[in-house]
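Contents: one structure, followed by commentary.
The values are calculated or read from the model by the stated rules, or taken from the named source; none is laboratory data. All figures in this text were calculated on a predicted structure; none of them were measured in a lab. Heads up, the Cβs are rebuilt from the backbone with ideal geometry, glycines too, and the neighbour counts pull from every protein chain shown.
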Amino acid sequence: MKKTTLMLLVVSLAYAEDLKLQIYKPVTGSCPASWITDVETTLAKPEIVTLTDVRSLKSSIGIPRELFSCNTSVLGDYVFEGNVPPSAIKKFMEEKPEGAIGLSLPASQNDEAVKKVYIIYADKTYKVYGTY
């Protein structure tokens, strides 16, 4: 039993190290420094990629237009639109909900005291995932 648990831990750690977080942002925009710091300390040091046309990336990934925000992050096979709280990303990556492609904190939620994070499904439907 202990050998099996140890082996699973080693495999999961090796898999976690292979995941690279990439944040795609527009040339004209910037990510809040506090959000980047939270991502670095909670998840991983991201690779920041500046693009002239982030909207095309969002559309090609399957993010519904009403969930668009300032930047788009990719972690493994999943997408995180906007400044999704790292705790929500971590929870999502632990759960990996069936049929989901990721999470979004839409631009419309940026100024709210309690922010709604939405789960996005492959068929472009979405619903509230949680509040943060």
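Does the range 65-82 include one or more residues that are touching a strand residue (DSSP E or B) at 6+ places or on another chain (Cβ under 8 Å), loosely packed, with under 15 Cβ neighbours inside 10 Å and either more than 19 Å from residue 22 (Cβ to Cβ) or touching a residue at least 40 places away in the same chain (Cβ under 8 Å) (or both)? Within the range 65-82, none of the residues are touching a strand residue (DSSP E or B) at 6+ places or on another chain (Cβ under 8 Å), loosely packed, with under 15 Cβ neighbours inside 10 Å and either more than 19 Å from residue 22 (Cβ to Cβ) or touching a residue at least 40 places away in the same chain (Cβ under 8 Å) (or both).
Look through the range 58-74, keep the residues that are assigned to a loop (DSSP other than H, G, I, E, B) and not β-branched (Val, Ile, Thr), and return whichever of them is nearest to residue 90 (Cα to Cα). Here the residue is 71. Among residues that are assigned to a strand (DSSP E or B), under 11 Å from residue 67 (Cβ atoms) and among the small types (Gly, Ala, Ser), residue 102 is included.
The residue of the range 60-84 that is farthest from the chain's Cα centre (by Cα), among those that are of a type in the set (Gly, Ala, Ser) and more than 24 Å from residue 111 (Cα to Cα), is 60.
Does the range 97-119 contain at least one residue that is among the polar types (S, T, N, Q), within 13 Å of the chain's Cα centre (by Cα) and under 14 Å from residue 39 (Cβ atoms)?
no
Can you name the residue in the range 94-132 that is among the aliphatic types (A, V, I, L, M) and surrounded by fewer than 17 Cβ atoms within 10 Å (Cβ to Cβ) and is also nearest to residue 47 (Cα to Cα) among such residues? So, considering only residues that are among the aliphatic types (A, V, I, L, M) and surrounded by fewer than 17 Cβ atoms within 10 Å (Cβ to Cβ), the one nearest to residue 47 (Cα to Cα) is 107.
Residue-level analysis places residue 23 among those that are hydrophobic (A, V, I, L, M, F, W, C) and either in a strand (DSSP E or B) or at pLDDT below 95 (or both). Is there a residue being among the β-branched types (Val, Ile, Thr) and either modelled with pLDDT under 95 or touching a Gly at 6+ places or on another chain (Cβ under 7 Å) (or both) anywhere in the range 101-114? Yes - at least one qualifying residue is present in the range 101-114. Here residue 85 clears all of (1) closer than 24 Å to residue 126 by Cα; (2) without any contact (Cβ under 8 Å) to a residue 12 or more places away in the chain; (3) surrounded by 13 or more Cβ atoms within 10 Å (Cβ to Cβ) except the condition numbered (2). Screening residue 22 against (1) more than 20 Å from residue 101 (Cα to Cα); (2) under 16 Å from the mean Cα position of the chain (by Cα) leaves a single unmet condition, (1).
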